[in-house]
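Below is one structure; the comments refer to it alone.
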Amino acid sequence: MTEIPSAYEPKRVEERWYAYWLAKGEFHAVPDPSRQPYTIMMPLPNVTGELHMGHALNNGLQDCLIRWSRMRGLNALWQPGLDHASIAVHVVMERRLGEKGLTRLDLGRERFLAETWKWKEQIGGTILGQLRRLECSCDWDRTVFTMDPGYSDAVLECFIRLFKKGLIYKGKRMINWCPKDQTSVSDLEVEYGETPSTLYYVRYPAADGGDGVVVATQRPETILADVAVAVHPEDERYRRLVGTQVRVPLVDRSVPVIADRRVDREFGTGAVKITPGHDPLDYEIGADHGLPVLVCLDPRGRINDLGGEPYRGLDRDECRTRFADDLRAAGAIEREEAYTTNVGRCARCHTVIEPYISDQWFCRMAALAAPAIQAVRDGRVRFHPERWTKVYMDWMEQIRDWNISRQLWWGHRIPVWYCACGEVVASKTAPERCPRCGGTEFVQDPDVLDTWFSSALWPLGTLGWPHETADLRYFYPTSTLVTARDIIFLWVARMIMFGLEFRGEVPFRDVYINPTVLNLEGRRMSKSLGTGIDPLALVDRYGADSLRFALINRCTGEQDLRFSEKMVEDTRNFANKIWNAARFVRMNLDERAGPPALPPRGTLGLIDRWILSRFARTAMGVTDALERFEFRDVCQRLYEFIWSEYCDWYLEMAKQDLRDAPVPGHRQVVQAVLSWVLGETMKLLHPIMPALTEEIWQALPHEGETIMRASWPTDLEGLIDPEAEAQMDLVMEVAHTIRGMRADLGIAAGESIPVMLYAPADREALLESTKRYIGLLVRARSLTIEPQNAPRLGDGVSALSGTVEIVLPGRVAAPIRERLRKQLATVERELTTLDDRLRSRTFLERAPAPVVEAERARQHQLSARRATLERYLADLDDNA
Ligand SMILES: [Zn+2]
Ligand SMILES: [Zn+2]
């Protein structure tokens, strides 16, 4: 047993115990067939990442589940790691190079990679250090970086197996191209937003000299790559034009007018230009009509040779203005109107995305998705809150093939080799000999894999797959995944697909989708918007324990949570309250206190039986809420129990027994109950506030070396004591009412006053036996209990607490009369409602008999109460 210092200093407490746990290797897990595993795979932070509020919440929740599981006796593993974050790192590196006026192309692949590794070693992994300050109990010995050799090998293995199965193919497709990052990005990495633009109505004259047709476009520069004009087959306006040729303005080329059902007759004039090289729908239409694909932009978004003079080399935006000017000058523009369009931007660099035709690698999803849909339908993977199941299903059922290649350098290079003879070989290293021509010269595919391709393998790759390791056998499938809603498709769904494909088993059983942290105004927290709060600054100010509790306490079933610094400050006050209570308990313990144990039941007083019963209900409620991922409920139960029941009621009443034991030896009973309940409560709070609870637990009688390994409170039904709870409810209500009267009458907090209680016969004994506590709780100079029908002595103010009448002698005052009137009004309101209901034929006919009976009893009770209140008011008027 250690001492508890007078002031609660979170930083000191947290640093001390985190170092202690680390030194003892408490976070490390190894397979142990005698125990059941409980595994969480950390959503990989990016190597460029820094802790933000979303991380603080997400990791706080994971740590809570992991610590709880350890205490439940499970063999808990929390796997940490870092994602190489291909495109995000490119953005950082290109920015650094840009400051020197360079691009990655100036460096070349090898030098760029060498520089990137150097940078990664320097500042990569900052966030892992920050997670330690958040007290995360990850198994740091197992930290994996997705470009580590072992993990990389698993990624290549995964690619090769899918390739050999025919699930990976290369194809010319229209993809989302970021001209700034010079890579394709997936559909999920494009952010759409309304952008003002201009709609140009451009005339395409008929090749034979007729009027031709007017089409509307907002991208006139792509006219350079037009291959047709299309109309709807049922559009009467254009029927006669289908099959004829029109001239592309400013470009010396004739193109056909075609009919296709996919044309939107409502848009513009109903006739549209077809530019397969620059629009996904045009690409489909062009392919179906056997049209050629022309491309007028280069990978940097500049006009290529197709533009000829004077457009070649212009940026796409410059060219748009220039081309529109030239069309106008040529009299080809009939009309211009303002138009708002939905433009997609690169989620990383916010450059406008260009639909672009290029050679890309794709993963066929239909075959992989089917078992992953089934796994969720069968409940082998469960989403919490449940509504996310539908979100997952909707996406999976209309899944498209996944573009997995990126034209970047940092990442896993695609393990495909090309021979001059045209043979394509998938292999981790350069093949020795071409299987077709026997050649020995190969060129490796220059692209790297989408970052999400490697993170999809996270639960397998970290445990040693493709090797059949003891870790893989023991810890897979993992237990719970805690993540954010924006990566359900990018990550969660793909892990399920890969887990089933490569291991035949789901990667995890439960997926908890944590809320998004917003500020009080409901805005996303963002550094760049200036709406962010730095979680580390809050840790410095209030402690990680308080930050964790404040965040977890806001996790309702809603999809967002609103957060402010004030919430952390409130939690720090809660922590202070616990600290001070613990100091009081500690100071009142005998130094020779043995291991924690409860005294025999027969020696317990009413207040002891009551607090034990309340503790048991709290512990059962907390456990149940944790099992259901209802985190707010966990926090609320703990907060209420500790703040109100333990500190404000039990501790205050126990002081009386410590000072003046009602029976000899009772002091030891109270000491034991005080410290046992506090110690067990610290266990319940430990998963959320690890260091505070460890410090207090260490200062109380305890068994073992750390609260982390203490056993979770279970089998508590025997402590539940409805009789003690009912009796204490009465005592607390009387005390509460007297405190209210004191407040109403403006009696100074330090002033002690005489109190009279008039109680019905069935309450007298209870009040008599708890008088010592009530007197203390309400600062009574004297507390007298009289039978209900005893004559009232002299004047006084009175109030009712249930059936007990409270009189503060010599305190006639208007507030008390007011109070009684209010009580009377409330009773009358309720009675009117009840009377109406009990007169209603519908209610009497439809409500079950016990309900009607209960309502009648309540009606009877309220009438009696009304009579008493009216009598008291009359009494007061007599006194006045
Ligand atoms: Zn970009
Ligand atoms: Zn060959």
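Give the number of residues within the stretch 402-437 that are open to solvent by 40 Å² or more (accessible area, probe 1.4 Å), under 45 Å from the mean Cα position of the chain (by Cα) and within 16 Å of ligand 2 (Cβ to nearest atom).
The total comes to 3.
Looking at Phe549, Phe508, which is the one that is aromatic (Phe, Trp, Tyr), open to solvent by less than 10 Å² (accessible area, probe 1.4 Å), closer than 26 Å to Ala625 by Cα and in a loop (DSSP other than H, G, I, E, B)?
On the way: Phe549 fails: in a loop (DSSP other than H, G, I, E, B).
Exactly one of Phe549, Phe508 is aromatic (Phe, Trp, Tyr), open to solvent by less than 10 Å² (accessible area, probe 1.4 Å), closer than 26 Å to Ala625 by Cα and in a loop (DSSP other than H, G, I, E, B), namely Phe508.
Here is a list of conditions, (1) open to solvent by 20 Å² or more (accessible area, probe 1.4 Å); (2) at pLDDT below 90; (3) within 26 Å of Phe362 (Cβ to Cβ), and Asp279 meets all of them except one; can you say which number that is?
(2)
Among (1) part of a helix (DSSP H, G or I); (2) touching a residue at least 24 places away in the same chain (Cβ under 8 Å), which single condition is Cys138 missing?
So Cys138 meets the others, but not (1).
Give the stretch 352-370 a look and list any residue that's open to solvent by 30 Å² or more (accessible area, probe 1.4 Å) and either within 16 Å of ligand 1 (Cβ to nearest atom) or in contact (Cβ under 8 Å) with a residue 60 or more places away in the chain (or both), or say none.
Hits for the stretch 352-370 are Val352, Asp359, Arg364, Ala367.
I'm checking my understanding of the structure. Among residues of the stretch 378-396 that are in contact (Cβ under 8 Å) with a residue 12 or more places away in the chain and not hydrophobic (A, V, I, L, M, F, W, C), which one is least open to solvent (accessible area, probe 1.4 Å)?
Initially, the stretch 378-396 is screened for residues in contact (Cβ under 8 Å) with a residue 12 or more places away in the chain, giving 380-385, 388-389, 391-393, 395-396.
From what's left, not hydrophobic (A, V, I, L, M, F, W, C): 380, 382, 384-385, 389, 392.
Values: Arg380: 93, Arg382: 105, His384: 40, Pro385: 31, Thr389: 29, Tyr392: 0 Å².
So, considering only residues that are in contact (Cβ under 8 Å) with a residue 12 or more places away in the chain and not hydrophobic (A, V, I, L, M, F, W, C), the one least open to solvent (accessible area, probe 1.4 Å) is Tyr392.
Residues to consider are Asp729, Asp648, Asp715; find the one that is more than 30 Å from Ala56 (Cα to Cα), under 35 Å from the mean Cα position of the chain (by Cα) and part of a helix (DSSP H, G or I).
On the way: Asp729 fails: under 35 Å from the mean Cα position of the chain (by Cα); Asp715 fails: part of a helix (DSSP H, G or I).
That would be Asp648, the only listed residue that is more than 30 Å from Ala56 (Cα to Cα), under 35 Å from the mean Cα position of the chain (by Cα) and part of a helix (DSSP H, G or I).
Would you be able to say whether some residue in the stretch 522-533 is within 30 Å of His467 (Cα to Cα) and open to solvent by less than 40 Å² (accessible area, probe 1.4 Å)? If you could, list the steps in order and put the result at the bottom.
Taking the stretch 522-533 first, the residues within 30 Å of His467 (Cα to Cα) are none.
No, the stretch 522-533 has no match at all.
Assess whether Val391 counts as being β-branched (Val, Ile, Thr) and either modelled with pLDDT of 95 or more or in a helix (DSSP H, G or I) (or both). Walk me through it before giving the result.
On the way: β-branched (Val, Ile, Thr): yes; either modelled with pLDDT of 95 or more or in a helix (DSSP H, G or I) (or both): yes.
So Val391 fits the description; yes.
Looking only at the stretch 438-448, which residues are open to solvent by 60 Å² or more (accessible area, probe 1.4 Å), touching a residue at least 12 places away in the same chain (Cβ under 8 Å) and assigned to a loop (DSSP other than H, G, I, E, B)? Show your work before the answer.
Here is the first cut: in the stretch 438-448, the ones open to solvent by 60 Å² or more (accessible area, probe 1.4 Å) are 440-441, 443, 446.
The next check asks that each one be touching a residue at least 12 places away in the same chain (Cβ under 8 Å); those that pass are 441, 443, 446.
Scanning the stretch 438-448 gives Glu441, Pro446.
All but one of (1) in contact (Cβ under 8 Å) with a residue 24 or more places away in the chain; (2) surrounded by fewer than 16 Cβ atoms within 10 Å (Cβ to Cβ); (3) closer than 30 Å to Phe563 by Cα hold for Ile513, so report the exception by its number.
Unmet for Ile513, out of (1) in contact (Cβ under 8 Å) with a residue 24 or more places away in the chain; (2) surrounded by fewer than 16 Cβ atoms within 10 Å (Cβ to Cβ); (3) closer than 30 Å to Phe563 by Cα: (2).
Can you confirm whether Phe489 is open to solvent by 30 Å² or more (accessible area, probe 1.4 Å) and free of Cβ contacts under 8 Å to residues at least 60 places away in the same chain? Full working, then the answer.
On the way: open to solvent by 30 Å² or more (accessible area, probe 1.4 Å): yes; free of Cβ contacts under 8 Å to residues at least 60 places away in the same chain: no.
Considered against the rule, which asks whether it is open to solvent by 30 Å² or more (accessible area, probe 1.4 Å) and free of Cβ contacts under 8 Å to residues at least 60 places away in the same chain, Phe489 comes out as no.
Are there any helices (runs of 4 or more DSSP H) wholly within the stretch 1-111 with 3 or more residues that are open to solvent by less than 10 Å² (accessible area, probe 1.4 Å) and polar (S, T, N, Q), and if so which? Steps first, please.
Details: elements: 10-23, 53-71, 86-99, 104-107.
Ranges flagged: 53-71.
The values are calculated or read from the model by the stated rules, or taken from the named source; none is laboratory data. Here the structure is a predicted model, which is why all the values come from computation and not from measurement. No Cβ is skipped: glycine too gets one built from the backbone with ideal geometry, and neighbour counts run over all protein chains shown. All accessible areas refer to the heavy atoms of the entire protein, side chains included, with ligands and DNA or RNA removed. Shrake-Rupley method; radii C 1.70, N 1.55, O 1.52, S 1.80 Å.
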